[in-house]
Amino acid sequence: MEITDETHFVDDSDGAQWYDSDAHVLYVDPNHDPIGSGAWVFRARGENSEIFRPQNSFAPRVQLSSPDDWEVAFNADGNVSVYEWRIDVGDAIEPGRSLGLDHLITDVDQKGDPLLERLAAWGQFTGKSGRAGRLGDVLLVAREARMGTLTGNIDWAEEVQGLIDVAGERVRITSAESPDSWLQFSSDESGHFELALPEGEYILSTPFPLRGDGLDIRIQDGTETRVTVKADAITDSGTLVLGSTPPPVIDTEPGFLFAFDQSSVDRLERFIHDTMAHYLIPGASIGLVKDGELVYHNTFGIRRNAGQAPVDDDTLFDSGSVTKAVFAFAVNRLAERGVIDLDRPLHEYLPFDAITYDERHQLITARHILSHQSGLPNWASQNQDGRPDIAFIPGTEFRYSGEGFEYLARVLTHITGQSTGELLMAEAQVPMGLTENTVFRDDGTLTPRLAHGHADYRTYESKAQPDVHAAYGMHTEARAFSNFMLGLINKRGLSAEGYQEMLRPKIKTDANIPGLEWARYYGLGFQMTEPPFGMAYGHGGLNWGSVCLFEIYKDHNAGFVVFTNGSGGSKLTQRLRHFLIAGNDVQ
């Protein structure tokens, strides 16, 4: 890789990151798996080089990397920098195979200079390391191979036209003789594509079945064209027309959950299987509670695309922000005993040094934190300057904040002398029966049991945190978590007055329940809504390709919980709410 730049800047100071310097990042995926298993990521900045987190990959060739597998030489001559790499990809080098390959070049002109948009890559898109189709493709061809030209067009079927622009739409071209030989090619603004290929038979298909920001369009299964490329000739494949497939029909009456019995199981499981297949959700764990017991529980699918290990009763899912509800329950118990005053300004217990520049920090209370009225951001790292801010006078508006929960956890540790993990165990897990199959930190046994998150054909390396957090980090499954739900239904651990206060709406959020007209509110750590069936409360979670939700319908002593390991899980949680609760009168 030869880079010409006005200046070559390398920051060698302690703590400097690769993106603080002019650098070259090389991605190599010898597996080139269509479902994405994770590429090698090599990084070099001047004479400094490294292989970045090979353990994050699910490809054994990458995970078991040794220093003998790669080397890089660097030379700078004036304004020209040259990086020369040698990567041992083993038997991946042979005619008829294809590789994933890409480059990322960073351009920094001085210390502290933000990168902004000065990044250059070969293939399209960012987030390349684990996503199939985000690297460039290299098709390995025998020296004596005869080449032809393939042309064609991509277009949307009538029912999809106007919803998605055909410009830049991609087609996957796979050798009919060797599934290991494939590449993806983007069309121009009119949907036309043209490229050179060795003579032979190929299958043209769509690489990604789901489209739209809301994953609301599913490309019809089996949409493909077969074509034979002839040497020294132009072969026109015609038009690959991409039609859509509607999601599974919701055919239940409102309140299906409240009448659920064993005769309902087949109907429910058909809906779950069909919805998971439609939205490409690898795995799920689902439970229904009713009349004081767990009336249904089952697991579905696989833990991760790479490896195909099935989800079972001991598979643990990343629960994301569902953790907040468990922590909030613990806080409400402590408040009921007078350990913390929910209305006393938190800075009187323990200041949050990073926000003392704003005098409004003196108004923030635990009640504001639990109901997301503190004004703090979700995470300070998401702010442009990386600092936490306060967006409004605490108690006057809604702003979802994980940062606030972490501050409250620090306050409680200061007051009680107990860690967040100790408080969760004593105040939530033990009284609510959430001790089995529930992990808040990496205890050394978690990794083999994990359901890894997936998004856009990327498999994330799900893992428990080294420390316990209040806002996220719990790993559990539906059967175990149902105990927490049954504890809430049976009003364990708090007085009747305590439950009434915890589940009293404090603030209306800025969005309704997706797909419904049900307004959302927050109480003290729980999300609430008021559908036609009486008040419902619970919490959702979303983290690195894992989506989950639990909801309890107060007047019916019933609820459901669903954990998934795919970004399409947002559709399963929404549509399961329709199937079990809203029914077919609302789509």
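The values are calculated or read from the model by the stated rules, or taken from the named source; none is laboratory data. Since the model is a prediction, treat every value here as computed from it, not as a measurement. Because the Cβ atoms are built from the backbone with ideal geometry, glycine has one as well, and the counts that use them run over all protein chains shown.
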*Residue check: is ILE105 without any contact (Cβ under 8 Å) to a residue 40 or more places away in the chain, of a type in the set (Val, Ile, Thr) and under 27 Å from TYR460 (Cα atoms)?*
no
*What is the number of the single condition among (1) over 27 Å from SER81 (Cβ atoms); (2) of a type in the set (S, T, N, Q); (3) in the same structural domain as ASP11 (by TED's automatic domain parsing) that GLN124 does not meet?*
(1)
*On the given criteria, is SER57 under 21 Å from ALA306 (Cα atoms), out of contact with any strand residue (DSSP E or B) (no Cβ under 7 Å at 6 or more places or on another chain) and not hydrophobic (A, V, I, L, M, F, W, C)?*
yes
_Tally up the residues in the range 71-86 that are free of Cβ contacts under 8 Å to residues at least 24 places away in the same chain, on the phi < 0 side of the Ramachandran plot and among the small types (Gly, Ala, Ser), please._
1
*Could you tell me whether the range 514-527 includes any residue that is under 24 Å from ARG270 (Cβ atoms), of a type outside the set (A, V, I, L, M, F, W, C), in contact (Cβ under 8 Å) with a residue 40 or more places away in the chain and surrounded by 20 or more Cβ atoms within 10 Å (Cβ to Cβ)?*
no
*Would you confirm whether any residue within the range 187-196 is surrounded by fewer than 14 Cβ atoms within 10 Å (Cβ to Cβ), closer than 30 Å to ALA59 by Cβ, free of Cβ contacts under 8 Å to residues at least 24 places away in the same chain and not assigned by TED's automatic domain parsing to the domain that holds LEU280?*
no
_Is it the case, given these coordinates, that GLY127 is outside any strand (DSSP E or B), under 25 Å from the mean Cα position of the chain (by Cα) and under 14 Å from TYR27 (Cβ atoms)?_
yes
_Sole residue being surrounded by fewer than 20 Cβ atoms within 10 Å (Cβ to Cβ), within 14 Å of ALA325 (Cβ to Cβ) and assigned by TED's automatic domain parsing to the domain that holds GLY287, chosen from GLY433, GLY473, GLY421, GLY487_ = GLY487
*All but one of (1) closer than 30 Å to PRO209 by Cβ; (2) of a type in the set (S, T, N, Q); (3) at pLDDT below 90 hold for SER98; which doesn't?*
(3)
*GLY214 on the phi > 0 side of the Ramachandran plot and not assigned by TED's automatic domain parsing to the domain that holds GLY568*: no
*Any idea how many residues of the range 433-472 are without any contact (Cβ under 8 Å) to a residue 60 or more places away in the chain, touching a helix residue (DSSP H, G or I) at 6+ places or on another chain (Cβ under 6 Å) and of a type outside the set (S, T, N, Q)?*
3
*Would a scan of the range 114-122 turn up a residue that is in contact with a Lys or Arg (Cβ under 8 Å, 6 or more places away or on another chain), surrounded by 14 or more Cβ atoms within 10 Å (Cβ to Cβ) and of a type outside the set (S, T, N, Q)?*
yes
*Across the range 345-368, which residue is surrounded by the most Cβ atoms within 10 Å (Cβ to Cβ) among those that are under 32 Å from the mean Cα position of the chain (by Cα) and assigned to a loop (DSSP other than H, G, I, E, B)?*
ILE364
*In the range 447-461, is there at least one residue being part of a helix (DSSP H, G or I), closer than 30 Å to ARG53 by Cα and either touching a Lys or Arg at 6+ places or on another chain (Cβ under 9 Å) or outside the structural domain of ALA325 (by TED's automatic domain parsing) (or both)?*
yes
*Among the residues of the range 51-68, write down those that are of a type outside the set (A, V, I, L, M) and outside any helix (DSSP H, G or I).*
PHE52, ARG53, SER57, PHE58, SER65, SER66
*What number of residues within the range 200-209 satisfy the criterion of being part of a strand (DSSP E or B), surrounded by fewer than 19 Cβ atoms within 10 Å (Cβ to Cβ) and either hydrophobic (A, V, I, L, M, F, W, C) or not assigned by TED's automatic domain parsing to the domain that holds SER237 (or both)?*
1
*asked:* For the range 347-364: of the residues being touching a residue at least 12 places away in the same chain (Cβ under 8 Å) and out of contact with any helix residue (DSSP H, G or I) (no Cβ under 6 Å at 6 or more places or on another chain), which is farthest from LEU412 (Cα to Cα)?
replied: ASP358
_Against the conditions (1) assigned to a helix (DSSP H, G or I); (2) farther than 20 Å from ARG520 by Cβ; (3) touching a Ser or Thr at 6+ places or on another chain (Cβ under 7 Å), where does ARG410 fall short? Just the number, please._
(3)
*ASP155 passes all but one of (1) modelled with pLDDT under 90; (2) under 26 Å from ASP188 (Cβ atoms); (3) surrounded by 12 or more Cβ atoms within 10 Å (Cβ to Cβ); which number fails?*
(1)
*Quick check: is even one residue across the range 473-489 at pLDDT 95 or above, part of a loop (DSSP other than H, G, I, E, B) and more than 23 Å from TYR522 (Cα to Cα)?*
yes
*What number goes with the only condition from (1) under 22 Å from GLN500 (Cα atoms); (2) in contact with a Gly (Cβ under 7 Å, 6 or more places away or on another chain); (3) surrounded by fewer than 23 Cβ atoms within 10 Å (Cβ to Cβ) that GLU530 does not pass?*
(2)
_Residue count, the range 262-310 (criterion: more than 22 Å from ARG218 (Cβ to Cβ), in a strand (DSSP E or B) and not hydrophobic (A, V, I, L, M, F, W, C))_ = 9
_Here's a check for you: in the range 32-50, which residue that is without any contact (Cβ under 8 Å) to a residue 60 or more places away in the chain and in a loop (DSSP other than H, G, I, E, B) is surrounded by the most Cβ atoms within 10 Å (Cβ to Cβ)?_
GLY46
*Failed condition for ILE250, given (1) of a type in the set (Val, Ile, Thr); (2) more than 29 Å from the chain's Cα centre (by Cα); (3) surrounded by 15 or more Cβ atoms within 10 Å (Cβ to Cβ), with all others met?*
(2)
*Tell me which residues, restricted to the range 107-123, are acidic (Asp, Glu) and at pLDDT 75 or above.*
ASP107, ASP109
